[in-house]
Every structure is written in C-alpha cells, then in structure tokens.
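Some notes on the structure that comes next.
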C-alpha cells in the first residue's frame, strides 16, 4: 500500500501533552500531525492494555458507523464524570487484574455494540476524525480548565450534527484523580 492510500483503515494513536495545561493546543497539534483520517487521543492515565483488542474494536466501530456523520467514538471506564462512559464498578479497586477481568466480561457481553452517548462526554479516549475536527474549528481552550476542552469539543460536534458513540464492550482502567496526590508526592 502506498503512503496515505486508504487512510481511513488505520488509526493514528497519540497521547497529547503540552506543558502549562495547554490541552487544546496539544490536541490540535496531534491532529495536525496525524497521518490518517481517524485519530485516537488518549489520556496518560488510562491503560490501553486493559483490553488487548482495543485497536481492532476501534476499527470495527469506525466500519460499523461508515456512511454516518460521526465525530467521536469513546469507551467505558471505571472513573469518569459522564454516565454514558462509566461502568459501575462496585469495588473501586486499583487492582489491574480485576480491571482486566471487567474488560473481558464487558467484551464477552457487549462485543462491538455501540450506543449513542448522552450528555457531554469526557475526553479520556477521543477517537475522532480529521473531517469532524476541521468542521468544528478544532479543539478550543475556553479558559475553564482541562475539562472544558473536551466538553467544548463535544458541544461543537453536536452543534454540527456529528454523532458521538460509546463502545459498550470496550473498557479501560482509568487511574484518574483517585490517587494522583499520593503518586505525585513520591516524586
């Protein structure tokens, strides 16, 4: 296959970072440098290895939604503000083996099932495409902190009638805010 031929069959995977909490800038830089139509932007504190099939499941979701106006595909996790993305874990454990078991159970139960996301989704796993990103003018920093970047992007996508979907069978362990103070105190 020649370079850039059939670019939609691949996902450029990026973990954007920019000092001084300039997340919108980091996301836009990642999108600008992407070699593919579809790009995954993910947080540093999620464990992609929770489900070894995450990449193939992401490709399958893209294929399922082909022909639809889609702006963002996301997954399930243990800690997040949006209820569409939250898998209610009874034991809020940090045991990675337990989370791998949860991921396997959800995969077996839901497989490649997609649902429409409710509310403003959180940006721990942003599988988006360059067409949607360009249509809404990229990621915007509204000066309201890191969380505003994903909410603003979500609202912009919805305003332009782009769909936002959740992969019900794809689950990731998310360190999130639970132990960050303890972790950072060690360094």
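Pairs are defined by a Cβ separation below 7 Å, a sequence spacing of at least 6 or placement on different chains, a first member in segment 76-88 that is without any contact (Cβ under 8 Å) to a residue 12 or more places away in the chain, and a second member that is assigned to a loop (DSSP other than H, G, I, E, B) and crowded, with 19+ Cβ neighbours inside 10 Å; the pairs so defined are 86/80.
All conditions in (1) at pLDDT 95 or above; (2) under 19 Å from residue 59 (Cα atoms); (3) in contact with a strand residue (DSSP E or B) (Cβ under 7 Å, 6 or more places away or on another chain) hold for residue 157, with the sole exception of (2). For segment 106-157, the tally of residues that are surrounded by fewer than 14 Cβ atoms within 10 Å (Cβ to Cβ) and within 22 Å of residue 35 (Cα to Cα) stands at 2. The residues of segment 60-75 that are in contact (Cβ under 8 Å) with a residue 40 or more places away in the chain and either surrounded by fewer than 15 Cβ atoms within 10 Å (Cβ to Cβ) or more than 22 Å from residue 135 (Cβ to Cβ) (or both), listed by number, are 60, 65, 68, 69, 75. Taking segment 37-58 as the range and being more than 22 Å from residue 175 (Cβ to Cβ) and buried (at least 16 other Cβ atoms within 10 Å of the Cβ) as the test, the residues that pass are 37, 38, 39.
Would it be correct to say that residue 117 is at pLDDT 90 or above and farther than 16 Å from residue 86 by Cβ? No, not satisfied. So which residues in segment 16-36 are surrounded by 14 or more Cβ atoms within 10 Å (Cβ to Cβ) and in a loop (DSSP other than H, G, I, E, B)? 16, 18, 22, 34, 36 - these are the residues of segment 16-36 that are surrounded by 14 or more Cβ atoms within 10 Å (Cβ to Cβ) and in a loop (DSSP other than H, G, I, E, B). Residues of segment 160-187 that are modelled with pLDDT of 90 or more and part of a loop (DSSP other than H, G, I, E, B): 160, 161, 162. Residue by residue through segment 37-46, note down the ones that are assigned to a strand (DSSP E or B) and either modelled with pLDDT of 95 or more or over 12 Å from the mean Cα position of the chain (by Cα) (or both). Answer for segment 37-46, where residues must be assigned to a strand (DSSP E or B) and either modelled with pLDDT of 95 or more or over 12 Å from the mean Cα position of the chain (by Cα) (or both): 38, 39, 40, 41, 42. Within segment 133-148, being within 15 Å of the chain's Cα centre (by Cα) and at pLDDT 95 or above holds for 133, 139. Here residue 104 clears all of (1) assigned to a loop (DSSP other than H, G, I, E, B); (2) out of contact with any strand residue (DSSP E or B) (no Cβ under 6 Å at 6 or more places or on another chain); (3) free of Cβ contacts under 8 Å to residues at least 60 places away in the same chain except the condition numbered (1).
The values are calculated or read from the model by the stated rules, or taken from the named source; none is laboratory data. Note that the coordinates shown come from a computational prediction; the quantities given were computed from them, not determined experimentally. Note that we place each Cβ from the backbone using ideal geometry, even for glycine, and neighbour counts take in every protein chain shown.
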